[in-house]
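Student: Once you've had a glance at the structure underneath, I'll fire off some questions.
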Amino acid sequence: MSFSSEVKAELARQYSKSRHCQIAELAALVFMEGQIRLQPLTLQFESENPILQEKYAILMKRIFEVDITKELSPADTMRVLQALKIADDLQMFRHAHDHVSLRGARMNGLLVQQTCCKRAYIRGMFLAAGSISNPNKSYHFEIVCHSQVQARQLQELMESFETDAKIVVRKHHYVVYLKDGSQIVDMLNVMEAYVSLMNLENVRILKEMRNSVNRKVNCETANISKTVNAAVKQIQDIELIRDTIGLESLPDNLSEIAQVRLEHPESPLKELGNYLSPPVGKSGVNHRLRKIAEIAEDLR
C-alpha cells in the first residue's frame, strides 16, 4: 500500500463528533463528486471509490439518518441541500437540464466558520481528490480541484493553518499543493491523520540524520584531501631542495622538519611537531614548511 493510500485509509476511519463538522466534511465530498437530479429532486453521489462511497454513506446516515442504498426522496434531499447551504440556489437551476453537477461549486463559507469544521472540510477534500508522495523519495501534498473558485477556497482554508499552499493549473484542473515537509506534517495534523504524521516524521528524522552524516563525511573527505595534497606538495619541495642544493644547506630547524616530513609523509602537522626535538606546535611546523616552500620556489 502506498503512503498516500495509508493516509486515506486512516482518514476514512476518522469521524468528527460534532454535527456541524460532519456536515463540513460531507460538503467537501458532495462538491467533489455530487450532482442534483431535478425531476424528481434527489442528490446523487457519483464516485466509484469504495472508501469514498462508504464515508459518504456513513456521514449521510449519521447526520440525516438516511440510507443511500435507496434513492433519496425529495424531502430528504431538501434537508441535505439545506444543511449544505445549497437549497437557496435551486432557483438558479430551474432552466437547467435534468441533472446539475455540484463538482467545483463554491462552498458556503458559513459551513467552515469554526476551526474544527475547516479541518473536517480539508479532510473530505483530501479523501476525494488528494494525494501525498512517498516521503522517502520527495515531499509533495496535493488536492486536485474542479474549479478555480474551489481551489481558492481550499487554499485560503489551508493558509489559515499557517501553511504556504500554492495553486497550479494541470489539465484543466486546479491543483492546491504543498512542497515543504514540515508543512505537510502540519497538514496531516490538521486532518487528524496522527499515525501517518508519526510515520512521516520518522522518515524526515532519518533523512535529516542521513544528510547530516553525509555532510560531515564530505567535509572530512575534503579536509583529508586538502591535507594529503599539502603533504605531497611539501615532499616535492623537500625533494627538490635535496636533489639540488642538499638538505644540509638549510638552517638546522628547516633541515630537521624536512627530514621528519620525508620520514612521515602521511602525518598531520601537529603530529610532525611531536617528532621534533624539542617538540614544536602546529603553527611552528607550518611556519617552517612555508619557509621550505619559498626556498623551493626560488630554486624553480
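Student: For segment 207-258, which residues satisfy the criterion of being of a type in the set (Asp, Glu), closer than 18 Å to Asn286 by Cα and within 58 Å of the chain's Cα centre (by Cα)?
Tutor: Within segment 207-258, Asp237, Glu239 meet the criteria.
Student: While we're looking at this one, here's another question. Phe64 is checked against (1) within 26 Å of Phe126 (Cβ to Cβ); (2) over 37 Å from the mean Cα position of the chain (by Cα); (3) of a type outside the set (Val, Ile, Thr); (4) buried (at least 20 other Cβ atoms within 10 Å of the Cβ) and fails just one. What number does that condition carry?
Tutor: Every listed condition holds for Phe64 apart from (4).
Student: Now for a different question. Which residue, of Glu256, Glu271, Glu294, Glu208, is closer than 30 Å to Asp180 by Cβ, among the acidic types (Asp, Glu) and not assigned by TED's automatic domain parsing to the domain that holds Lys179?
Tutor: The conditions single out Glu208.
Student: Only one of (1) touching a helix residue (DSSP H, G or I) at 6+ places or on another chain (Cβ under 7 Å); (2) at pLDDT below 85 is not met by Cys219, so which one is it?
Tutor: Condition not satisfied by Cys219: (1).
Student: Here is a further query. Filter segment 245-261 down to residues that are loosely packed, with under 12 Cβ neighbours inside 10 Å and assigned to a helix (DSSP H, G or I) and give me whichever is modelled with the highest pLDDT.
Tutor: Glu248
Student: A further question follows. Taking helices (runs of 4 or more DSSP H) that do not extend beyond segment 67-180, which have at least 1 residues that are closer than 25 Å to Leu197 by Cα?
Tutor: Ranges flagged: 115-129, 148-159.
Student: Within segment 166-182, take every residue that is crowded, with 19+ Cβ neighbours inside 10 Å and out of contact with any Phe, Trp or Tyr (no Cβ under 7 Å at 6 or more places or on another chain) and give me the one that is farthest from Arg103 (Cα to Cα).
Tutor: If we take residues in segment 166-182 being crowded, with 19+ Cβ neighbours inside 10 Å and out of contact with any Phe, Trp or Tyr (no Cβ under 7 Å at 6 or more places or on another chain), then Val176 is farthest from Arg103 (Cα to Cα).
Student: Taking segment 40-62 as the region of interest, how many residues are closer than 13 Å to Leu26 by Cβ, in contact with a strand residue (DSSP E or B) (Cβ under 8 Å, 6 or more places away or on another chain) and either β-branched (Val, Ile, Thr) or assigned to a strand (DSSP E or B) (or both)?
Tutor: Total satisfying the criteria: 2.
Student: Sticking with this structure for a sec: When residues of segment 174-194 are filtered for being farther than 23 Å from Val112 by Cα and either modelled with pLDDT of 95 or more or among the basic types (Lys, Arg) (or both), how many remain?
Tutor: Here the count works out to 1.
The values are calculated or read from the model by the stated rules, or taken from the named source; none is laboratory data. These figures come from a predicted structure and were not determined experimentally. No Cβ is skipped: glycine too gets one built from the backbone with ideal geometry, and neighbour counts run over all protein chains shown.
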